[in-house]
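Chemist: Quick one: the structure is below, questions incoming.
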Amino acid sequence: MDCLFCKIFQGHIPSKKVYEDDNVFAFHDISPMAKTHILFIHKKHTANVNGLSTIHVGQVFTAIKTYVATTDLEKSGFRIVTNTGPDVGQTVFHAHFHLLGGEKLKGFGA
Ligand code: 5GP
Ligand code: ZN
């Protein structure tokens, strides 16, 4: 399959892995938008979150919680972002969750 993130979790393309279990893989974003910027993916290939079941999403969020508990983010706070579709900025079409934190981030509000 010609998918960047499938190649990354399969080890065909190098990445800075921070977490892996049977279903989920997580690695540093190559172009970080915050001091901490990790990408969490489910190993099931699907273009965006619409293709993930609630079980899959639960597995990803359980992985995020497990990872966060090993870092300062649990106390300092974090943001999870999932872009779905090109109009909102999705550029890699293997569903992924951005975990952002490690510094004060600009809010969404006006
Ligand atoms: P999206 O824009 O689809 O929500 O997020 C895709 C993310 O993947 C971007 O933040 C981008 O920096 C990251 N990215 C793109 N190519 C690579 C790569 O080859 N390796 C890593 N680690 N991240 C990548
Ligand atoms: Zn994929």
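Bear in mind these aren't lab numbers, they're just calculated from the coordinates by the rules spelled out. Remember, predicted model here, so these are calculated numbers, not experimental data. Note that we place each Cβ from the backbone using ideal geometry, even for glycine, and neighbour counts take in every protein chain shown.
Chemist: What is the local net charge at V60, summed over the other residues whose Cβ is closer than 14 Å to its Cβ (Lys, Arg +1; Asp, Glu -1)?
Modeler: Net charge around V60: 0.
Chemist: In addition: Based solely on its DSSP helices, what 222 nm [θ] is calculated for the chain when runs of n ≥ 4 H residues each add -39,500 (n - 2.57) and the sum is averaged over all residues, nearest 500 deg cm²/dmol? Display every interim value, and only then the final one.
Modeler: On the way: 3 runs with 25 residues, N = 110.
Per the formula, -6000 deg cm²/dmol.
Chemist: Under the rule a/c < 1.5 gives rounded, and otherwise a/b versus b/c splits prolate from oblate, where does the stretch 56-110 land using the Cα gyration tensor?
Modeler: Numbers: a/c = 2.67, a/b = 1.21, b/c = 2.20.
Because a/c hits 1.5 or more and a/b fails to exceed b/c, the stretch 56-110 counts as oblate.
Chemist: Here is a further query. Against the longest principal axis of the chain, how steep is helix 54-68, in degrees 0 to 90 to the nearest 10, with axes from Cα atoms?
Modeler: Tilt of helix 54-68: around 50 degrees.
Chemist: To continue, here is another question. Taking the Cα atoms of the chain alone, what are Rg (to one decimal) and Dmax (as a whole number) in Å?
Modeler: When restricted to the Cα atoms of the chain, Rg and Dmax are 13.5, 42 Å.
Chemist: For N48 and Q10 in one chain, what is 0.36 nm times their gap in residues minus the Cα-Cα distance, to one decimal in nm?
Modeler: Roughly 11.8 nm would be gained on extension.
Chemist: In straight Cα distance, which lysines are under 16 Å from K44, not counting same-chain residues fewer than 8 positions off?
Modeler: Within the straight-line cut-off, K44 pairs with K7.
Chemist: Treat every Asp and Glu Cβ in the chain as -1 and every Lys and Arg Cβ as +1, leave all other atoms uncharged, and give the resulting dipole magnitude about the Cα centre to the nearest 20 debye.
Modeler: 180
Chemist: What nm value, rounded to one decimal, do you get for the distance between T84 and K35 when each label is placed 7 Å out toward the C-beta?
Modeler: Modelled inter-label distance: 3.2 nm.
Chemist: Given a Förster distance of 22 Å, report the FRET efficiency between K106 and S76 from their Cβ-Cβ distance, rounded to the nearest 0.05.
Modeler: 0.90
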